[in-house]
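*Asks:* Here's a structure for you.
The values are calculated or read from the model by the stated rules, or taken from the named source; none is laboratory data. Because the structure is predicted, anything quoted here is derived from the model rather than measured. Cβ atoms come from the backbone with ideal geometry, glycine included; neighbour counts cover every protein chain shown. In case anyone asks, the SASA skips ligands and DNA or RNA and just uses the protein heavy atoms, side chains included. Shrake-Rupley method; radii C 1.70, N 1.55, O 1.52, S 1.80 Å.
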Amino acid sequence: MAMELSDANLQTLTEYLKKTLDPDPAIRRPAEKFLESVEGNQNYPLLLLTLLEKSQDNVIKVCASVTFKNYIKRNWRIVEDEPNKICEADRVAIKANIVHLMLSSPEQIQKQLSDAISIIGREDFPQKWPDLLTEMVNRFQSGDFHVINGVLRTAHSLFKRYRHEFKSNELWTEIKLVLDAFALPLTNLFKATIELCSTHANDASALRILFSSLILISKLFYSLNFQDLPEFFEDNMETWMNNFHTLLTLDNKLLQTDDEEEAGLLELLKSQICDNAALYAQKYDEEFQRYLPRFVTAIWNLLVTTGQEVKYDLLVSNAIQFLASVCERPHYKNLFEDQNTLTSICEKVIVPNMEFRAADEEAFEDNSEEYIRRDLEGSDIDTRRRAACDLVRGLCKFFEGPVTGIFSGYVNSMLQEYAKNPSVNWKHKDAAIYLVTSLASKAQTQKHGITQANELVNLTEFFVNHILPDLKSANVNEFPVLKADGIKYIMIFRNQVPKEHLLVSIPLLINHLQAESIVVHTYAAHALERLFTMRGPNNATLFTAAEIAPFVEILLTNLFKALTLPGSSENEYIMKAIMRSFSLLQEAIIPYIPTLITQLTQKLLAVSKNPSKPHFNHYMFEAICLSIRITCKANPAAVVNFEEALFLVFTEILQNDVQEFIPYVFQVMSLLLETHKNDIPSSYMALFPHLLQPVLWERTGNIPALVRLLQAFLERGSNTIASAAADKIPGLLGVFQKLIASKANDHQGFYLLNSIIEHMPPESVDQYRKQIFILLFQRLQNSKTTKFIKSFLVFINLYCIKYGALALQEIFDGIQPKTPLLQSLIGLFELPEDDTIPDEEHFIDIEDTPGYQTAFSQLAFAGKKEHDPVGQMVNNPKIHLAQSLHKLSTACPGRVPSMVSTSLNAEALQYLQGYLQAASVTLL
Amino acid sequence: MSQRARASLSPALWLTVPVNMPTLDAPEERLRKFKYRGKDASMRRQQRMAVSLELRKAKKDEQALKRRNITNVSSDPASEQLTKGVSLNLQEIINGVNASDPDLCFQATQAARKMLSRERNPPLKLIVEAGLIPRLVEFLKSSLHPCLQFEAAWALTNIASGTSEQTQAVVESGAIQPLVELLSSPHMTVCEQAVWALGNIAGDGPEFRDLVISSNAIPHLLALVSSTIPITFLRNITWTLSNLCRNKSPYPCKKAVKQMLPVLFHLLQHEDGEVLSDTCWALSYLSDGCNERIGQVVDTGVLPRLVQLMTSSELNILTPSLRTVGNIVTGTDHQTQVAIDAGILNVLPQLLMHPRSSIQKEAAWALSNVAAGPCQHIQQLIACGTLPPLVALLKNGEFKVQKEAVWTVANFTTGGTIDQLIQLVHSGVLEPLVNLLTIQDPKIVTIILDVISLILKAAEKLSEKENMCLLIEEIGGVDKIEALQLHENPQVALTALNIIENHFCEGEENGTILPALDQDCEYLNHLTKNYQGPTTSKPRTTP
């Protein structure tokens, strides 16, 4: 159906567009609905384009352009087997007009149309939009840089995918086409723009537009040169590189910005040029070699002359990274090896960029979470400090001795500066510590800290002379940055500093848990946690409970107190340290358990109102589990006390359906239930029916925990279930049925089934047995996976042991002919161990998850022992099969051998003979 | 069954399950499915792509497609006396060529040839536009005037050395047939010039090459090969033969190849550098393609000599012989075995250390295809000491060389045994590999991630996973892999995410498993839609 391109329709459309801007949803929603209902009509997009071009009302223009872009986004792609949502005539008309429209529109609308062009281009370019390139290139001659920048922006959004897509014939055909049409005009435009820059060197507004063009041109250069070095650009390397080089060294006061944070045009352009040079240096070394030294010099001069402001950060870190990548290549070694060069790089590039800046100080105080993430967890990829560090490591590859020598001098002089007047010069010491750290650490892991250190730096000496004194000072709140540095030093060099020194630092760290600064007390907690996980000889923990015993009380007190400090109420590092301390100290914490468990349940109650820190919550539940295990190991009867303390909170969590916590609650309950030695308490049985509610099982995160809990119920309360809750058995099996239908959860279904078979009195499940097998066979037939077959095999074995081979035979008799199964069983035994995960199994759990759901997180300290229901009874499944067959043949003599010989293939038969021989039995 | 199918929990449904008769696949079928999934060597070993697209400049190391016969007057003794002092302008040439007097024709043709032979700016375009070609073709047939035949053939040679259109003009004037006939001329100079002209025509592309072949040029060319002809003549013949072997889409017909191979084998034993170079180029063209074509070359028995030539200090012999052997090892396991038996693995380590990066690259490419073979081949690869130079290339090679080295490691990791993987890791491959994770090439990055993942799995089997994880973390791998989770290419991001999730989620070692963070779940959900499975196959295009 077509809409007329009439004034009346334009008027109607205007009305509706206006309504879509109304804040009142009662007016807005119907208007949006209406527009969607008519967008399938022919001419609808053309009406929008007419409006955005000709409407008198600016608001309507912008609104029409946004609506148009969204319409294109939703409808342009032609999906196979689905109707084409935009008629061909409209498509042609849109493509014929949109570039011109975009270029003649004001910026706000231009942006929307440019986005629309990219979306269309992604589908239609180049085959179905052959004129696009020529049309764009022709505009380069317009001389109107508003238009030119529009074209460049569109080109950038079309071409930028060349930077990350895999090479393919299709992609390269497109790039070739683009290069043929675009490379020369782009080069000419580049040259012309640079000339214009010198013509307009005194005209700030013209310069700004021209530099925007240069940035876009440089970005296009990167995209077009990414996949491989095109012939055109190799031939024109001189032009491009000479101009890039000039631009890198160019400065113009008119382009400098006052803004300290936001990068200006000059910075953006130079930063992109650094990227371009780095791309060439990395990928096209042979061709780029002769330009490289000039770029090294230019970039290095750039670094020397660039200030400390945040707006230069990206430029500086890009530039340093460029030097870092070049200096470790053997054939450019000579560019750096001169002592003066090295000194000047160290002095003018590395040291200044390692300084603690005002912005860092701000982050340290006001945004400590971010600060910690950057400083501790290495998410500092783009920072100046990180880049400087990388450059140090790069230089050390060939010049370790000289670089260490130069820096040692610096470290000493900075420490002297500090000593002269600590309260003014503390930043010097910070830089000194940072330098030592980056110099000394050659390899680092989270678990062990530094694993390889530069032998030229004496770490223990530095620790004793410069780190310990700071931490020993009475005032834990003085010079917080240096405190944090010192604690971090312990953390990362914990493998280099001898144990006796570490032991000295433990009470100091405990003391710093009281520091007001979030960074300082967090680091203290983290350092303690890391120290407590260190392993000594014989794989035991490096520190024994006895060695920490003198500090137990103060340690626990300070840890829990730290959770009350402002900003740290859900501090994951502190909670982890609590968990780790429990784990290390074991029985030593029992006297404190009543207080500890009270504090933990209070915390649990508080955070369950709005769980927001998953790591914190996880460690909290781990700490609860540890308390239970440690206490009940010594005194199993104490389990009741824990139930008393916890069940109230648990009930509240379950009633309020706190999704994040439910899987944890089930795990803790499993642990508690398993701790009971006698029959299941009635308080648990009351919960049983609720556990079978389908809604709980819809959440994948609950499943492992619920299965575990049901297993605990079956283990402790099978008789109670059979006698008092027999009507719930179908529900239980329903859970099993649901679980084995899913490839992700079938193993959980088997866990449950195996527990049922193992623990339930046989008569209570008799009537369901056949259906159980039918379900399993169905799944086997419909979607069989390695995991399923393995689980199935385990189940068959368990079943045989529990009910006897005869019962298995009977079940099979009732369902299907026997021999294919037997043959398959043998086939399974002889299958090579398959440890690959078939692709289709790899991601099932996610595919199975409708929308967002809490993921299951296993609590390590709620851990369950491996349970082997078969135990010693079946050592060798092959022999067990032979024996079972033997039993079967004794029961119905004559039938088995003939069945076996007629139905098994030769190979399977041969294997079976082997099993029978090994088991020394014969089939009767 | 759909993965989304959910059984209801209601007992009613649970009791009404229809009964089916399931059966399992035959065991051997399953076995194949498991053991060889995606690991078929033929999948990993591929030839240069049929139509390979290049953005780059044509390679400088390749053999010339067409050559002009350039000369200065002094080295032109055949015609010197006859032409002394004669210098004609274009119009005089046109008139002369169109005259009926053979002497005038000769003088004009020679003048034209001289213009076409000058070092700088030969007026090919002018001569073609002047419409001289049909007359020149006619002159080829004037067997009474061998000097005229010679001059005409030379002129045509140089016209055919021009653009495709210029070559086409020569062919369309019917030059091929008379040129083939001149191969039997009693005058050696005429004969030689005809060989050259045909070489230029065949070098234009598969179409004209096949025209030359179908004009029965090959038997005549082969008949000219003898130990008595001057070396320059033999060089010309060899070069023309190489052009008859050259180009694809389509390849030259099987019959032609079969005719030429014995002679090429013979030429390969020659001592002359140029003859050897062009023979090797010819063989490199013939060995480029399917296993059947490779088989033809291998069966000729050229491999031992080729491997010997791979040690040549002449780049123009080394390049094509290495290329040929590189092509051969893209073939079947048997064909590769023949190459190994001929000693290719003894030579490759030196070539990996060759000062020229293009040679390093071709050597690494050849090695990658050996590594794509069965583990016995990989064993020989280790035994011959290829790992240390390979690791050195990963460290310090140029990017194009590093790329091939990465492929080699990837194939090695996919097909090697656990023991072989241990040796690979011990050779220090991980650190340079991890450093390459910052390379601006998403394909290579994905391959490296796959290699790391395979190595981690192997370590897991040996219960060495924890140490392996630490090693990777120490060399900065974890930081880099973590950063790659944000890569714009969805497959790179997903592969990185999987490695982090499966191997580097903190805590397993000290008893805590961290919860997966919410955004990860959503991220993964989004990514799985575009995921196309792990990379195990190797598109081995022209190195």
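*Asks:* Considering every residue in B:432-444, what mean count of other chain Cβ atoms within 10 Å of its Cβ is obtained?
*Replies:* Values: counts 0, 0, 0, 2, 1, 0, 3, 2, 11, 8, 7, 5, 0.
Counting other chains' Cβ atoms within 10 Å and averaging over B:432-444 gives 3.
*Asks:* Report the one residue of A:Cys625, A:His615, A:Ile574 whose Cα lies farthest in the direction of the positive end of the charge dipole of the protein assembly as shown (charges on C-beta: Lys and Arg +1, Asp and Glu -1; origin at the Cα centre).
*Replies:* It is A:Cys625, whose Cα lies furthest towards the positive end.
*Asks:* Can I ask one more? Using protein chains only and a probe of 1.4 angstrom, how many square angstrom of B:Val171 are accessible, to the nearest 10?
*Replies:* Rounded to the nearest 10, the figure is 20 Å².
*Asks:* Going by amide H atoms built from the backbone, whose H comes under 5 Å of the H on A:Arg535, apart from near neighbours?
*Replies:* It is A:Leu542, by chain and number.
*Asks:* For a quick check of your reading of the filter: which trypsin sites (Lys or Arg not before Pro) in the stretch B:255-360 sit in a DSSP loop and have no more than 16 other Cβ atoms within 10 Å?
*Replies:* Working: sites: B:Lys255, B:Lys258, B:Arg293, B:Arg305, B:Arg323, B:Arg356; in loops: B:Arg356.
Filter output for the stretch B:255-360: B:Arg356.
*Asks:* I'd like the trypsin sites (Lys or Arg not before Pro) in the stretch A:216-312 restricted to DSSP loop residues with at most 16 other Cβ atoms within 10 Å, sorted by number. Write out the running numbers ahead of the final one.
*Replies:* Details: sites: A:Lys219, A:Lys253, A:Lys270, A:Lys283, A:Arg290, A:Arg294, A:Lys311; in loops: A:Arg290.
Here the sparse-neighbourhood loop sites are A:Arg290.
*Asks:* Probe 1.4 Å, all protein chains in place: accessible area of A:Leu733 in Å², nearest 10?
*Replies:* Roughly 0 Å² of A:Leu733 is accessible to a 1.4 Å probe.
*Asks:* Shifting gears a bit: Given the pairs A:Lys191/A:Lys311; A:Lys160/B:Lys361; A:Lys61/A:Lys111; A:Lys270/B:Lys361; A:Lys54/A:Lys128; A:Lys167/A:Lys333, which span a C-alpha to C-alpha distance of over 24 angstrom in this model? Write down the numbers at each step before the final one.
*Replies:* Details: A:Lys191/A:Lys311 28 Å; A:Lys160/B:Lys361 29 Å; A:Lys61/A:Lys111 13 Å; A:Lys270/B:Lys361 33 Å; A:Lys54/A:Lys128 28 Å; A:Lys167/A:Lys333 33 Å.
Beyond 24 Å: A:Lys191/A:Lys311; A:Lys160/B:Lys361; A:Lys270/B:Lys361; A:Lys54/A:Lys128; A:Lys167/A:Lys333.
*Asks:* Compare A:Arg386, A:Arg530 by solvent-accessible area with a 1.4 Å probe and give them largest first, with all protein chains kept in place. Could you put the intermediate results ahead of the total?
*Replies:* Working: A:Arg386 40, A:Arg530 10 Å².
Output order, biggest surface exposure first: A:Arg386, A:Arg530.
*Asks:* Leaving ligands, DNA and RNA out of it, work out the accessible area of B:Lys57 with a 1.4 Å probe and give it in Å² to the nearest 10.
*Replies:* Spelled out: B:Lys57, probe radius 1.4 Å, area about 60 Å².
*Asks:* How tilted is helix A:204-224 with respect to the longest principal axis of chain A? Cα atoms for both, answer in degrees (0 to 90, nearest 10).
*Replies:* Helix A:204-224 sits at roughly 50 degrees to that axis.
*Asks:* For the stretch A:134-176, state which residues have at least 20 Å² less accessible area in the presence of all protein chains than in their chain by itself, taking the probe as 1.4 Å and leaving out ligands, DNA and RNA.
*Replies:* SASA drop of 20 Å² or more in the stretch A:134-176: A:His164, A:Phe166, A:Lys167, A:Asn169, A:Trp172, A:Lys176.
*Asks:* For A:Ala807 and A:Glu337, calculate 0.36 nm times their separation in residues minus their Cα-Cα distance, and state this gained length in nm to one decimal.
*Replies:* Numbers: separation 470, 0.36 × 470 = 169.20 nm, distance 8.24 nm.
Taking 0.36 nm per residue and subtracting the Cα distance, the gain is 161.0 nm.
*Asks:* Could you tell me, in Å, what Rg and Dmax come out for the Cα atoms of the stretch A:695-741?
*Replies:* 11.2, 31
*Asks:* Could you order A:Lys787, A:Lys160, B:Lys461 by accessible surface area, starting with the largest, using a probe radius of 1.4 Å?
*Replies:* Putting A:Lys787, A:Lys160, B:Lys461 in descending order of accessible area: B:Lys461, A:Lys160, A:Lys787.
*Asks:* Roughly how large is the A-B contact in terms of buried accessible area, totalled over both chains, probe 1.4 Å, nearest 100 Å²?
*Replies:* Numbers: alone 42640 and 27020 Å², together 61100 Å².
For A against B, buried area totals roughly 8600 Å².
*Asks:* Would you kindly state how much longer the chain becomes between A:Gln108 and A:Ile554 on full extension, computed as 0.36 nm times their sequence separation minus their alpha carbon distance, in nm to one decimal? Each step should come with its number before you reach the end.
*Replies:* Details: separation 446, 0.36 × 446 = 160.56 nm, distance 6.24 nm.
Extra length from A:Gln108 to A:Ile554 when fully extended: 154.3 nm.
*Asks:* Mind listing which GluC sites (Glu not before Pro) in the stretch B:447-495 are in a DSSP loop and have 16 or fewer other Cβ atoms within 10 Å? Please list the in-between numbers first.
*Replies:* On the way: sites: B:Glu460, B:Glu464, B:Glu466, B:Glu473, B:Glu474, B:Glu482, B:Glu488; in loops: B:Glu464, B:Glu488.
The qualifying sites are B:Glu464, B:Glu488.
*Asks:* Using a basic spin-label model with each label point 7 Å from the Cα along Cα→Cβ, how many nm lie between A:Arg208 and A:Glu587?
*Replies:* Roughly 7.6 nm, to one decimal.
*Asks:* Report the charge-dipole magnitude of the stretch A:191-344 in Debye, nearest 20, computed about the Cα centre from +1 at each Lys and Arg Cβ and -1 at each Asp and Glu Cβ. The partial results should precede the final answer.
*Replies:* Details: 11 positive and 23 negative charges, 38 e Å.
That gives the stretch A:191-344 a dipole magnitude of about 180 debye.
*Asks:* Got a sec? Charge dipole of the protein assembly as shown, +1 on Cβ for Lys and Arg, -1 for Asp and Glu; which of A:Ser105, A:His331, A:Gln748 is way out at the positive end?
*Replies:* A:Gln748
*Asks:* Would you mind checking B:Lys66/B:Lys254; A:Lys790/A:Lys878; A:Lys429/A:Lys483 for any pair whose Cα atoms are more than 19 angstrom apart? Please list the in-between numbers first.
*Replies:* On the way: B:Lys66/B:Lys254 24 Å; A:Lys790/A:Lys878 14 Å; A:Lys429/A:Lys483 11 Å.
Violating the 19 Å Cα-Cα cut-off are B:Lys66/B:Lys254.
*Asks:* Quick one: if the Förster radius is 51 Å, what FRET efficiency do B:Asp341 and B:Ser142 give, using the C-beta to C-beta distance and rounding to 0.05?
*Replies:* Efficiency, from the Cβ-Cβ distance: 0.40.
*Asks:* While we're on this one: For chain A, what is the mean residue ellipticity at 222 nm derived from helices alone (per DSSP H run of n ≥ 4: -39500 (n - 2.57); sum divided by total residues; nearest 500 deg cm²/dmol)? Numbers along the way, then the final one.
*Replies:* Values: 50 runs with 634 residues, N = 924.
The helix contribution divided over chain A gives -21500 deg cm²/dmol.
*Asks:* Taking 22 Å as R0, compute the FRET efficiency from the Cβ-Cβ separation of A:Lys613 and A:Asn539 and round it to 0.05.
*Replies:* Working: r = 32 Å, r/R0 = 1.45.
Efficiency, from the Cβ-Cβ distance: 0.10.
*Asks:* Give, in nm to one decimal, the length gained when the segment between A:Ser413 and A:Gln256 is fully stretched (0.36 nm per residue of separation minus the Cα-Cα distance).
*Replies:* 53.1 nm
*Asks:* Once both labels are modelled 7 Å past Cα along the beta-carbon direction, what's the A:Ser157-A:Ser903 spacing in nm?
*Replies:* According to this spin-label approximation, the distance is 6.6 nm.
*Asks:* 7 Å from Cα along Cα→Cβ at both B:Glu488 and A:Cys892: what's the point-to-point distance in nm?
*Replies:* 6.8
*Asks:* Now for a separate question. Provide A:Asp90, A:Asp115, A:Asp360, B:Asp299 ordered by accessible surface of protein heavy atoms (probe 1.4 Å), highest first. Let's see the in-between values first.
*Replies:* Numbers: A:Asp90 0, A:Asp115 55, A:Asp360 25, B:Asp299 130 Å².
So, going from the largest accessible area down, we get B:Asp299, A:Asp115, A:Asp360, A:Asp90.
*Asks:* Over the protein assembly as shown, with every protein chain in place, what whole percent of the accessible area is carbon and sulfur at 1.4 Å, could you tell me? Walk me through the intermediate numbers first.
*Replies:* Numbers: 31880 of 61100 Å².
Exposed carbon and sulfur together represent 52 percent of the surface.
*Asks:* Please determine, in degrees from 0 to 90 and to the nearest 10, the orientation of helix A:313-327 with respect to the longest principal axis defined by the Cα atoms of chain A, where the helix direction is its Cα long axis.
*Replies:* The two axes meet at around 80 degrees.
*Asks:* Here's something else I'd like to know. If you average the alpha carbon positions of the stretch A:575-617 and of the stretch A:466-519, how far apart do those two centres end up, in angstrom?
*Replies:* Spelled out, the Cα-based centre of one part sits 24 Å from the other.
*Asks:* Roughly how many Å is it from the Cα centre of the stretch A:299-371 to that of the stretch A:134-169, as a whole number?
*Replies:* Centre-to-centre (Cα) distance: 33 Å.
*Asks:* log10 I(q)/I(0), Debye, Cα-only chain A, no solvent, q = 0.09 Å⁻¹?
*Replies:* -1.21
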